[in-house]
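The next block holds one structure in the form of C-alpha coordinates; read it before the comments.
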Amino acid sequence: MKQFTSVKDIPDLKKAVATAFEIKKNRFAWQHLGKNKTMVLIFFNSSLRTRLSTQKAALNLGMNAMVLNVGEDGWQMESELGVVMDGDKPEHLLEAIPVIGRYCDVIGVRAFAKFKSREDDYSEIILNQFIKYAGVPVVSMEGATRHPLQSYADLVTIEEFKTKERPKVVLTWAPHPRALPQAVANSFVEWMRETDYDLVVTHPEGYELAPQFMGDLKVEYDQKKAFEGADFIYAKNWSSYTSYGSILSKDLAWTVDEAKMALTDNAKFMHCLPVRRNVIVSDGVLDSPLSIVVEQAANREITAQAVLKMMLENL
Ligand code: CP
(Lines give C-alpha, C1' and ligand atoms only; values in the text may rest on other atoms or scores of the structure.)
Protein backbone atom coordinates (compact mmCIF):
# COMPACT_ATOMS: atom_id res chain seq x y z
CA MET A 1 0.00 0.00 0.00
CA LYS A 2 1.59 3.29 -1.15
CA GLN A 3 -1.05 5.62 0.26
CA PHE A 4 -3.97 5.44 2.65
CA THR A 5 -6.50 8.16 2.08
CA SER A 6 -9.77 6.24 1.63
CA VAL A 7 -11.35 2.80 1.80
CA LYS A 8 -10.43 2.40 -1.88
CA ASP A 9 -6.78 2.01 -0.83
CA ILE A 10 -7.61 -1.18 1.10
CA PRO A 11 -7.28 -4.13 -1.29
CA ASP A 12 -9.52 -6.50 0.72
CA LEU A 13 -11.72 -5.06 3.49
CA LYS A 14 -12.63 -8.40 5.10
CA LYS A 15 -8.94 -9.26 5.30
CA ALA A 16 -8.20 -5.81 6.74
CA VAL A 17 -10.71 -6.42 9.54
CA ALA A 18 -9.18 -9.86 10.20
CA THR A 19 -5.71 -8.26 10.32
CA ALA A 20 -6.93 -5.78 12.93
CA PHE A 21 -8.24 -8.59 15.15
CA GLU A 22 -4.96 -10.47 14.71
CA ILE A 23 -3.02 -7.35 15.81
CA LYS A 24 -5.34 -6.95 18.77
CA LYS A 25 -4.30 -10.40 20.03
CA ASN A 26 -0.56 -9.57 19.95
CA ARG A 27 0.32 -6.05 18.85
CA PHE A 28 4.09 -6.56 19.29
CA ALA A 29 4.43 -9.55 16.95
CA TRP A 30 5.65 -7.52 13.94
CA GLN A 31 8.44 -5.43 15.50
CA HIS A 32 10.89 -6.69 12.85
CA LEU A 33 8.91 -4.85 10.14
CA GLY A 34 9.65 -1.39 11.55
CA LYS A 35 13.26 -1.90 12.63
CA ASN A 36 15.32 1.12 11.49
CA LYS A 37 12.21 2.63 9.87
CA THR A 38 10.87 6.08 10.76
CA MET A 39 7.44 7.66 10.56
CA VAL A 40 6.95 11.43 10.59
CA LEU A 41 3.52 12.68 11.69
CA ILE A 42 2.68 16.16 10.42
CA PHE A 43 -0.18 18.03 12.08
CA PHE A 44 -1.65 21.15 10.52
CA ASN A 45 -4.51 20.81 13.07
CA SER A 46 -5.01 19.71 16.68
CA SER A 47 -5.34 16.08 17.73
CA LEU A 48 -5.38 13.82 20.76
CA ARG A 49 -6.40 10.35 19.55
CA THR A 50 -4.87 10.38 16.07
CA ARG A 51 -1.55 11.71 17.33
CA LEU A 52 -1.17 9.22 20.20
CA SER A 53 -2.70 6.17 18.54
CA THR A 54 -0.70 6.51 15.31
CA GLN A 55 2.51 7.18 17.19
CA LYS A 56 1.83 4.15 19.43
CA ALA A 57 1.02 2.03 16.38
CA ALA A 58 4.39 2.93 14.82
CA LEU A 59 6.20 2.12 18.08
CA ASN A 60 4.36 -1.24 18.34
CA LEU A 61 5.84 -2.11 14.94
CA GLY A 62 9.36 -1.20 16.06
CA MET A 63 9.43 2.10 14.13
CA ASN A 64 10.74 5.45 15.28
CA ALA A 65 8.10 8.18 15.26
CA MET A 66 8.64 11.94 15.01
CA VAL A 67 5.88 14.55 15.31
CA LEU A 68 5.82 18.02 13.75
CA ASN A 69 3.10 20.55 14.58
CA VAL A 70 3.15 22.95 11.65
CA GLY A 71 3.24 26.57 12.74
CA GLU A 72 3.96 25.68 16.38
CA ASP A 73 7.26 23.79 16.33
CA GLY A 74 7.89 24.27 12.62
CA TRP A 75 7.59 27.12 10.09
CA GLN A 76 4.21 28.30 8.84
CA MET A 77 3.78 26.63 5.45
CA GLU A 78 2.44 27.97 2.18
CA SER A 79 0.42 25.55 0.06
CA GLU A 80 -0.77 27.79 -2.79
CA LEU A 81 1.04 27.36 -6.09
CA GLY A 82 2.49 30.40 -7.89
CA VAL A 83 2.00 32.64 -4.87
CA VAL A 84 4.29 35.61 -4.09
CA MET A 85 5.60 34.60 -0.67
CA ASP A 86 5.76 38.04 0.93
CA GLY A 87 3.35 37.20 3.77
CA ASP A 88 3.72 35.39 7.09
CA LYS A 89 4.57 31.92 5.68
CA PRO A 90 8.32 31.51 5.12
CA GLU A 91 8.33 27.91 3.79
CA HIS A 92 6.52 26.32 0.84
CA LEU A 93 5.22 22.76 0.92
CA LEU A 94 7.00 22.20 -2.41
CA GLU A 95 10.36 22.17 -0.59
CA ALA A 96 9.19 21.04 2.85
CA ILE A 97 7.51 17.83 1.66
CA PRO A 98 10.46 16.26 -0.20
CA VAL A 99 12.78 17.30 2.64
CA ILE A 100 10.55 15.55 5.20
CA GLY A 101 10.40 12.56 2.85
CA ARG A 102 14.22 12.26 3.03
CA TYR A 103 14.07 11.83 6.81
CA CYS A 104 11.53 9.01 6.97
CA ASP A 105 9.91 5.95 5.42
CA VAL A 106 6.25 6.85 5.96
CA ILE A 107 4.53 10.23 6.42
CA GLY A 108 1.23 10.80 8.23
CA VAL A 109 -0.57 14.08 7.48
CA ARG A 110 -3.50 15.84 9.13
CA ALA A 111 -4.86 18.80 7.15
CA PHE A 112 -8.50 19.74 7.74
CA ALA A 113 -10.88 21.62 5.47
CA LYS A 114 -10.18 25.36 5.53
CA PHE A 115 -13.75 26.35 4.48
CA LYS A 116 -12.45 29.11 2.17
CA SER A 117 -13.49 27.20 -0.95
CA ARG A 118 -15.40 23.93 -1.33
CA GLU A 119 -13.56 23.20 -4.55
CA ASP A 120 -10.15 23.60 -2.87
CA ASP A 121 -11.13 21.53 0.16
CA TYR A 122 -12.66 18.75 -1.93
CA SER A 123 -9.53 18.57 -4.10
CA GLU A 124 -7.45 17.79 -0.97
CA ILE A 125 -4.68 20.22 -1.96
CA ILE A 126 -2.33 19.57 0.96
CA LEU A 127 -2.77 15.79 1.13
CA ASN A 128 -2.28 15.46 -2.61
CA GLN A 129 0.87 17.59 -2.54
CA PHE A 130 2.28 15.19 0.05
CA ILE A 131 1.36 12.19 -2.11
CA LYS A 132 2.95 13.83 -5.16
CA TYR A 133 6.20 15.12 -3.63
CA ALA A 134 7.00 12.98 -0.54
CA GLY A 135 8.65 10.05 -2.34
CA VAL A 136 7.46 7.77 0.51
CA PRO A 137 4.03 6.33 1.40
CA VAL A 138 1.51 8.79 2.88
CA VAL A 139 -1.18 8.08 5.47
CA SER A 140 -4.09 10.51 5.85
CA MET A 141 -4.57 11.30 9.52
CA GLU A 142 -7.71 13.23 8.43
CA GLY A 143 -7.87 15.27 5.29
CA ALA A 144 -10.38 17.90 4.22
CA THR A 145 -12.95 15.32 3.08
CA ARG A 146 -12.19 11.98 4.77
CA HIS A 147 -10.90 10.47 8.02
CA PRO A 148 -10.04 6.92 6.95
CA LEU A 149 -8.08 5.91 10.08
CA GLN A 150 -11.20 6.76 12.08
CA SER A 151 -13.54 4.89 9.76
CA TYR A 152 -11.36 1.77 9.79
CA ALA A 153 -11.51 1.80 13.63
CA ASP A 154 -15.28 2.41 13.46
CA LEU A 155 -15.72 -0.64 11.24
CA VAL A 156 -13.61 -2.87 13.49
CA THR A 157 -15.56 -1.62 16.55
CA ILE A 158 -18.89 -2.48 14.93
CA GLU A 159 -17.56 -5.93 13.99
CA GLU A 160 -16.43 -6.38 17.58
CA PHE A 161 -19.74 -5.39 19.18
CA LYS A 162 -22.35 -6.52 16.65
CA THR A 163 -24.78 -9.24 17.76
CA LYS A 164 -26.46 -9.63 14.35
CA GLU A 165 -24.96 -10.60 11.01
CA ARG A 166 -26.45 -7.49 9.37
CA PRO A 167 -26.80 -4.73 11.99
CA LYS A 168 -28.75 -1.52 11.45
CA VAL A 169 -26.20 1.30 11.66
CA VAL A 170 -27.48 4.89 11.93
CA LEU A 171 -25.36 7.95 11.27
CA THR A 172 -27.11 10.87 12.90
CA TRP A 173 -26.25 14.55 12.62
CA ALA A 174 -26.20 16.28 16.01
CA PRO A 175 -25.84 19.97 16.91
CA HIS A 176 -22.55 21.76 17.61
CA PRO A 177 -21.66 25.40 18.29
CA ARG A 178 -18.90 25.53 15.64
CA ALA A 179 -18.72 24.75 11.93
CA LEU A 180 -17.09 21.31 11.58
CA PRO A 181 -15.86 19.58 8.40
CA GLN A 182 -17.83 16.78 6.73
CA ALA A 183 -14.77 14.47 6.76
CA VAL A 184 -15.79 12.00 9.48
CA ALA A 185 -19.35 11.68 8.16
CA ASN A 186 -18.24 11.35 4.52
CA SER A 187 -15.71 8.72 5.42
CA PHE A 188 -18.06 6.77 7.69
CA VAL A 189 -20.65 6.56 4.91
CA GLU A 190 -17.98 5.57 2.39
CA TRP A 191 -16.72 2.71 4.56
CA MET A 192 -20.16 1.51 5.67
CA ARG A 193 -21.30 1.36 2.04
CA GLU A 194 -18.53 -1.21 1.44
CA THR A 195 -20.25 -3.51 3.97
CA ASP A 196 -23.67 -5.17 3.80
CA TYR A 197 -24.91 -3.37 6.95
CA ASP A 198 -28.31 -1.69 6.90
CA LEU A 199 -27.01 1.91 6.83
CA VAL A 200 -29.34 4.84 7.54
CA VAL A 201 -28.29 8.52 7.51
CA THR A 202 -30.41 11.11 9.29
CA HIS A 203 -29.95 14.89 9.47
CA PRO A 204 -31.93 18.13 9.15
CA GLU A 205 -32.62 19.44 5.65
CA GLY A 206 -29.65 21.34 4.24
CA TYR A 207 -27.05 18.96 5.70
CA GLU A 208 -26.98 16.56 2.73
CA LEU A 209 -23.52 15.06 2.27
CA ALA A 210 -21.70 15.21 -1.06
CA PRO A 211 -23.23 12.93 -3.74
CA GLN A 212 -19.90 11.14 -4.29
CA PHE A 213 -20.20 9.78 -0.74
CA MET A 214 -23.95 9.21 -0.52
CA GLY A 215 -24.44 7.59 -3.93
CA ASP A 216 -27.97 6.20 -4.06
CA LEU A 217 -28.36 6.12 -0.26
CA LYS A 218 -31.57 7.91 0.79
CA VAL A 219 -31.72 10.25 3.81
CA GLU A 220 -34.28 9.68 6.59
CA TYR A 221 -35.07 13.23 7.74
CA ASP A 222 -37.07 11.98 10.75
CA GLN A 223 -34.41 11.22 13.36
CA LYS A 224 -36.74 9.25 15.64
CA LYS A 225 -37.89 7.05 12.75
CA ALA A 226 -34.24 6.46 11.82
CA PHE A 227 -33.45 5.31 15.36
CA GLU A 228 -36.19 2.64 15.42
CA GLY A 229 -34.65 -0.83 15.76
CA ALA A 230 -31.08 0.46 15.34
CA ASP A 231 -28.12 -1.59 16.60
CA PHE A 232 -25.56 1.23 16.42
CA ILE A 233 -26.06 4.99 16.71
CA TYR A 234 -23.11 6.97 15.35
CA ALA A 235 -23.48 10.67 16.21
CA LYS A 236 -21.52 13.40 14.48
CA ASN A 237 -21.91 17.05 13.65
CA TRP A 238 -20.96 18.43 10.28
CA SER A 239 -21.50 21.79 8.62
CA SER A 240 -23.47 22.17 5.41
CA TYR A 241 -21.94 20.86 2.17
CA THR A 242 -24.45 22.60 -0.09
CA SER A 243 -24.25 25.94 1.72
CA TYR A 244 -20.59 25.17 2.19
CA GLY A 245 -19.28 25.43 5.77
CA SER A 246 -22.45 27.08 7.12
CA ILE A 247 -24.19 26.25 10.38
CA LEU A 248 -27.87 25.99 9.42
CA SER A 249 -29.11 24.64 12.75
CA LYS A 250 -28.08 24.36 16.38
CA ASP A 251 -31.34 22.63 17.28
CA LEU A 252 -30.87 20.68 20.51
CA ALA A 253 -33.88 18.57 19.52
CA TRP A 254 -31.28 16.60 17.50
CA THR A 255 -29.14 15.81 20.60
CA VAL A 256 -28.91 12.05 21.22
CA ASP A 257 -30.59 11.34 24.56
CA GLU A 258 -31.98 8.44 26.56
CA ALA A 259 -35.50 8.80 25.10
CA LYS A 260 -34.20 8.43 21.54
CA MET A 261 -31.90 5.55 22.46
CA ALA A 262 -35.00 3.81 23.91
CA LEU A 263 -36.37 3.62 20.34
CA THR A 264 -33.42 1.46 19.26
CA ASP A 265 -32.75 -2.26 19.70
CA ASN A 266 -30.46 -1.60 22.68
CA ALA A 267 -28.09 0.18 20.29
CA LYS A 268 -24.50 0.93 21.11
CA PHE A 269 -23.59 4.62 21.02
CA MET A 270 -20.56 5.69 18.96
CA HIS A 271 -18.75 8.99 18.38
CA CYS A 272 -15.24 9.67 17.07
CA LEU A 273 -14.45 12.09 19.95
CA PRO A 274 -13.90 14.76 21.10
CA VAL A 275 -17.60 15.06 21.91
CA ARG A 276 -19.56 17.97 23.39
CA ARG A 277 -21.59 16.61 26.32
CA ASN A 278 -25.25 17.64 26.42
CA VAL A 279 -24.96 19.17 22.95
CA ILE A 280 -24.16 16.16 20.74
CA VAL A 281 -25.19 13.56 23.33
CA SER A 282 -26.60 13.59 26.84
CA ASP A 283 -24.50 12.64 29.87
CA GLY A 284 -27.01 9.85 30.47
CA VAL A 285 -26.21 8.14 27.15
CA LEU A 286 -22.47 8.81 27.19
CA ASP A 287 -22.08 7.49 30.74
CA SER A 288 -24.29 4.43 30.15
CA PRO A 289 -23.10 0.90 29.31
CA LEU A 290 -24.44 1.50 25.79
CA SER A 291 -21.61 3.92 25.04
CA ILE A 292 -18.59 2.31 23.37
CA VAL A 293 -16.72 5.53 22.54
CA VAL A 294 -13.65 4.58 24.58
CA GLU A 295 -13.40 1.12 23.00
CA GLN A 296 -13.86 2.81 19.60
CA ALA A 297 -10.98 5.23 20.34
CA ALA A 298 -8.83 2.34 21.61
CA ASN A 299 -9.26 0.63 18.24
CA ARG A 300 -7.57 3.63 16.59
CA GLU A 301 -4.21 2.19 17.72
CA ILE A 302 -5.04 -1.21 16.24
CA THR A 303 -6.21 0.00 12.85
CA ALA A 304 -3.40 2.55 12.52
CA GLN A 305 -1.04 -0.35 13.15
CA ALA A 306 -2.82 -2.45 10.53
CA VAL A 307 -2.36 0.34 7.96
CA LEU A 308 1.33 0.81 8.81
CA LYS A 309 1.87 -2.96 8.74
CA MET A 310 0.41 -3.14 5.22
CA MET A 311 2.71 -0.29 4.16
CA LEU A 312 5.86 -1.70 5.73
CA GLU A 313 5.24 -5.10 4.12
CA ASN A 314 5.35 -3.37 0.74
CA LEU A 315 8.31 -1.01 1.23
N1 CP B 1 -11.23 11.21 16.47
C2 CP B 1 -10.09 11.88 16.30
O3 CP B 1 -9.52 11.91 15.20
O4 CP B 1 -9.60 12.48 17.42
P5 CP B 1 -8.46 13.58 17.43
O6 CP B 1 -8.97 14.76 16.62
O7 CP B 1 -8.24 13.91 18.88
O8 CP B 1 -7.25 13.01 16.78
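The values are calculated or read from the model by the stated rules, or taken from the named source; none is laboratory data. Bear in mind that the values here come from a model prediction, so they are computed numbers and not experimental data. When we count neighbours, we look across all protein chains shown, and the Cβ atoms used for this are built from the backbone with ideal geometry, even at glycine. Quick note on the areas: whole protein, heavy atoms, side chains included, nothing else; ligands and nucleic acids left out. Shrake-Rupley method; radii C 1.70, N 1.55, O 1.52, S 1.80 Å.
For region 99-117, what are the residues that are within 19 Å of the chain's Cα centre (by Cα) and either open to solvent by less than 50 Å² (accessible area, probe 1.4 Å) or not hydrophobic (A, V, I, L, M, F, W, C) (or both)? Walk me through it before giving the result.
First pass over region 99-117, keeping only residues within 19 Å of the chain's Cα centre (by Cα): 106-115.
Val106, Ile107, Gly108, Val109, Arg110, Ala111, Ala113, Lys114 - these are the residues of region 99-117 that are within 19 Å of the chain's Cα centre (by Cα) and either open to solvent by less than 50 Å² (accessible area, probe 1.4 Å) or not hydrophobic (A, V, I, L, M, F, W, C) (or both).
Within the group Asn26, Asn69, Asn64, Asn36, which residue is in contact with a Phe, Trp or Tyr (Cβ under 7 Å, 6 or more places away or on another chain) and at pLDDT 95 or above? Write out each step before concluding.
Working: Asn26 fails: in contact with a Phe, Trp or Tyr (Cβ under 7 Å, 6 or more places away or on another chain); Asn64 fails: in contact with a Phe, Trp or Tyr (Cβ under 7 Å, 6 or more places away or on another chain); Asn36 fails: in contact with a Phe, Trp or Tyr (Cβ under 7 Å, 6 or more places away or on another chain).
Just a single option satisfies the conditions, and that option is Asn69.
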Original post:
When you go through (1) in contact with a strand residue (DSSP E or B) (Cβ under 9 Å, 6 or more places away or on another chain); (2) more than 27 Å from Ile247 (Cβ to Cβ) one by one for Glu95, which number turns out not to apply?
Top reply: (1)
Original post:
Tally time: how many residues in region 77-88 are within 18 Å of Ile107 (Cα to Cα) and part of a loop (DSSP other than H, G, I, E, B)?
Top reply: 1
Original post:
Does region 229-269 hold any residues that are open to solvent by 30 Å² or more (accessible area, probe 1.4 Å), over 23 Å from Lys116 (Cβ atoms) and in a loop (DSSP other than H, G, I, E, B), and which are they?
Top reply: Gly229, Asp251, Asp257, Ala262, Leu263, Asp265, Asn266
Original post:
Scanning for something of a type in the set (A, V, I, L, M, F, W, C), under 21 Å from Arg49 (Cα atoms) and either within 16 Å of the ligand (Cβ to nearest atom) or out of contact with any Cys (no Cβ under 9 Å at 6 or more places or on another chain) (or both), does region 217-233 turn up at least one residue?
Top reply: yes
Original post:
With Asp154, Asp88, Asp120 as the choices, which residue is of a type in the set (Asp, Glu) and modelled with pLDDT under 95?
Top reply: Asp88
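Checking the structure you have, find out if any residue of region 70-80 is within 17 Å of Lys2 (Cβ to Cβ) and either polar (S, T, N, Q) or open to solvent by 60 Å² or more (accessible area, probe 1.4 Å) (or both).
Going through region 70-80, the residues within 17 Å of Lys2 (Cβ to Cβ) turn out to be none.
There is no residue in region 70-80 that is within 17 Å of Lys2 (Cβ to Cβ) and either polar (S, T, N, Q) or open to solvent by 60 Å² or more (accessible area, probe 1.4 Å) (or both).
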**OP:** Find the residue count for region 286-315, including only residues that are open to solvent by 20 Å² or more (accessible area, probe 1.4 Å), in contact (Cβ under 8 Å) with a residue 40 or more places away in the chain and away from the ligand (no atom under 14 Å from the Cβ).
**Re:** 5
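Go through Lys225, Lys218 for me and flag whichever is closer than 21 Å to Ser282 by Cα and either of a type outside the set (Val, Ile, Thr) or crowded, with 20+ Cβ neighbours inside 10 Å (or both).
Details: Lys218 fails: closer than 21 Å to Ser282 by Cα.
One residue alone meets the criteria, Lys225.
Let's see how each residue does on (1) more than 16 Å from the ligand (Cβ to nearest atom); (2) open to solvent by 30 Å² or more (accessible area, probe 1.4 Å):
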| position | (1), (2) |
| --- | --- |
| Lys14 | yes, yes |
| Glu22 | yes, yes |
| Asn26 | yes, yes |
| Thr38 | yes, no |
| Arg51 | no, yes |
**OP:** Considering (1) open to solvent by less than 20 Å² (accessible area, probe 1.4 Å); (2) touching a helix residue (DSSP H, G or I) at 6+ places or on another chain (Cβ under 7 Å); (3) more than 25 Å from Met270 (Cβ to Cβ), say which one Tyr152 fails and leave the rest.
**Re:** (3)
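Val138: in contact (Cβ under 8 Å) with a residue 12 or more places away in the chain, buried (at least 23 other Cβ atoms within 10 Å of the Cβ), under 16 Å from the mean Cα position of the chain (by Cα) and more than 16 Å from the ligand (Cβ to nearest atom), yes or no? Outline the logic, then answer.
Working: in contact (Cβ under 8 Å) with a residue 12 or more places away in the chain: yes; buried (at least 23 other Cβ atoms within 10 Å of the Cβ): yes; under 16 Å from the mean Cα position of the chain (by Cα): yes; more than 16 Å from the ligand (Cβ to nearest atom): yes.
When the stated conditions are applied, Val138 passes them.
Okay, residues lined up against (1) in contact (Cβ under 8 Å) with a residue 24 or more places away in the chain; (2) part of a loop (DSSP other than H, G, I, E, B); (3) touching a His at 6+ places or on another chain (Cβ under 6 Å):
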site: Ala29; (1), (2), (3): no, yes, no
site: Leu33; (1), (2), (3): yes, no, no
site: Asn45; (1), (2), (3): yes, yes, no
site: Gln55; (1), (2), (3): no, no, no
site: Gly74; (1), (2), (3): no, yes, no
